[in-house]
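All remarks here apply to the structure that follows.
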Amino acid sequence: MARPASPATGPHRSDKRAELLLGALASVVLVLIAGMVVFVLAKAWPSFSHNGLAWFGSGGNVDTQLIDIFNSPANPDKYEYTFHAWPLLYATALVTLGAVIVGLTFALFAAIFIVEFAPNRLRAVLEPVVRLLAAVPSVIYGLIGILVLVPFVGNHLISQGRKESVAYVVQLSGNSLAVAVVILTVMITPIMIALIVDALRTVPRSWTEGAHALGANRWRVVWTIAVRAARPAIVGACVLATARALGEAIMLSMVSGSVGFAPNPLDGLTFFVEPVRPLAATIVDNAEGLSVKPLGQTLYAFAAVLLISSLFLSLGAWLVRQPMKRYGVRP
Amino acid sequence: MEAATARVPAARPLESGWRRSDRLFVGLCWATGILLCLIAGSLVLYMLFRGLQYVSVDLLTTHPVSDLDQSKTGGFLDPLIGTVILAVMGTLIALPLGVGAAVWLTEYGRPAWLARSVESGIEMVAGSMRPVKPASAEGPTRLALHTAVGLAPIYRVTLRLERPLSALDQPCASARSPIFCATAFFT
């Protein structure tokens, strides 16, 4: 084609076509997601409508409620739906928040180290290490948790006296909040490190050079200029990590104990070794019971809660990022 | 000239020295970096040490059989093939969708409301995909579709971060890490 490429005709037209095609692909993705949300909400509706707002409250034992739902009579009018999800919601929030807060501090320092302080040789090791940790499947983390950490905590960190002191309420076997948070932190930190490292690298050189020229030391420059400019990306990294932590199922169902128990912070150190039961892990635990209709609908209700909270998470992060964007590096 | 110099305030000592807190934080940076290496190293070593001693070519190439004695049921050819099929199918669906959506978001994203909702939708599904998956999967197609949607955010993130002048020739390069991640989505 020897056509003269004038900006008004040739390339512009194909650009328009590319835009339409790619926009259509993006819309397909959006429609798929929307369809999935509607599907999950429609499936989940009976569980919500039978319980009302009490669904989110506490009351009774979650585990026996789940068993009752599983054993509900075959007559659709007599389906058992009573369910109070508070211990599960609380456990999800505890595990997620714990992992994200610990993970963020860890990821921030690690990212700064990789970008600014690591000697070249160590950096060459660290970057593949981060990628490796991010790519390890969650089952493997769960396996390590159940084979190594859980027995260690159960046998060495929890004293017999502590076990007996709460034996009438809950058994302390090592499947615990602390193990869940530790492994989840190891799982989500690499994602945050990778995102924050990339953001720190995109901070304009002139900004940091200006600070160096004013006589600030390397740490001050990174902390006050680079990290500050990268804030939108850090928020974005937190959102992705939180979303992943919210959705983590297999590993948590392996190490968290799967006992519908709400740990009480007033218990002191025992709090950390008490078992929990997050929402996503409960779905995995009960996956075989899906053919029982009311149980299936209850599990879809969990999925709906997770989806909606992720949506709010995403929207909230977008709002938080708005004022930061002015001087920040694009995430 | 003299007036100008007179207006300059007396020079304060520059904060170029390393304060104790600065040193502490740099120390923390070193600690986290080394800890990261230690965690990854122990993970790999543990898996190699505990796992590799049981793996043999025989085990990888035979089909599983049913036996009351669990030690004789070995052979994981079937799950291996299954993993490969799922990964390939998922990636095939994910590649055009994910890359297309990602390029559109980074390069065009013109009706802002549409771009905003695609972005939120993707972020929403990025994490919570996994628990929904076992609850609603009714076959390999569905699973593959979900992976497709789940992969999109990864493409998007990689694309956004590498943000080249023309993002169109980039997907091939940046698709490598998501494909690597695809296996993680199936486990």
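The values are calculated or read from the model by the stated rules, or taken from the named source; none is laboratory data. Note that this is a predicted model, so its numbers are computed, not measured. Counting neighbours? That spans all protein chains shown, and the Cβs are built from the backbone with ideal geometry, glycine included. The accessibility values were calculated without ligands, DNA or RNA, using every heavy atom of the protein model including side chains. Shrake-Rupley method; radii C 1.70, N 1.55, O 1.52, S 1.80 Å.
Here are a few things to note about the model shown:
- Tensor-based shape of chain A (alpha-carbon gyration tensor, a/c under 1.5 rounded, otherwise prolate or oblate): oblate
- Summed over both chains, the area buried between B and A is near 6400 Å², taken from the accessible surface of protein heavy atoms with a 1.4 Å probe.
- Residues of region A:147-164 falling in the label zone of A:Leu269, defined by backbone nitrogen less than 18 Å from a point 7 Å along Cα to beta-carbon, are A:150-164.
- Rolling a 1.4 Å probe over the protein heavy atoms gives region A:86-326 an accessible area of 40 Å² per residue.
- Region A:63-170: radius of gyration over Cα atoms, expressed as a fraction of 2.2 N^0.38 Å: 1.68
- The distance between label points at B:Thr61 and A:Ile67 comes to 4.9 nm (points 7 Å beyond Cα on the Cα→Cβ vector).
- Subtracting the Cα-Cα distance of B:Arg23 and B:Phe49 from their residue separation scaled by 0.36 nm leaves 5.5 nm.
- Volume of the Cα convex hull of region A:213-331, divided per residue and given in Å³: 166
- For region A:296-311, residues shielded by at least 20 square angstrom of accessible area compared with the chain on its own, probe 1.4 Å: A:Tyr300, A:Ala303, A:Leu306, A:Leu307, A:Ser310, A:Leu311
- Computed E for A:Tyr168/A:Val148 - FRET, C-beta separation, R0 30 angstrom, nearest 0.05: 0.55
- 20 °C / 1.002 mPa s Stokes-Einstein diffusion coefficient of region A:21-115, Kirkwood radius on C-alpha pairs, µm²/s: 124
- For region B:29-60, a reduction of at least 40 Å² in accessible area between the chain on its own and the assembled protein chains (probe 1.4 Å) is found at B:Cys29, B:Trp30, B:Thr32, B:Leu36, B:Cys37, B:Ile39, B:Ala40, B:Leu43, B:Tyr46, B:Met47.
- Once exposed loop chymotrypsin sites (Phe, Trp or Tyr not before Pro) are cut out (DSSP; at most 14 other Cβ, 10 Å), longest piece of chain A: A:1-167
- Spatially, region A:295-327 and region A:45-103 are offset by 19 Å when compared through their Cα centroids.
- At least 20 Å² of accessible area lost relative to the chain alone, listed for region A:14-37 with a 1.4 Å probe: A:Asp15, A:Glu19, A:Leu22, A:Gly23, A:Leu25, A:Ala26, A:Ser27, A:Val29, A:Leu30, A:Leu32, A:Ile33, A:Met36
- Modelled spin labels at A:Thr105 and A:Arg228, positioned 7 Å past Cα toward Cβ, are 2.3 nm from each other.
- The stretch between A:Ala42 and A:Ser206, if pulled fully straight at 0.36 nm per residue, gains 53.7 nm over its current Cα-Cα span.
- Amide H contacts for A:Phe261 (H built 1.01 Å from N in the peptide plane; partners 5 or more residues away or on another chain; cut-off under 5 Å): A:Arg277.
- Among the DSSP helices (H) of chain A, those spanning at least 18 angstrom by Cα along their long axis with an average Kyte-Doolittle hydropathy of 0.5 or more are A:10-51, A:86-112, A:120-135, A:177-201, A:231-247, A:293-324; this is a geometric and hydropathy rule only.
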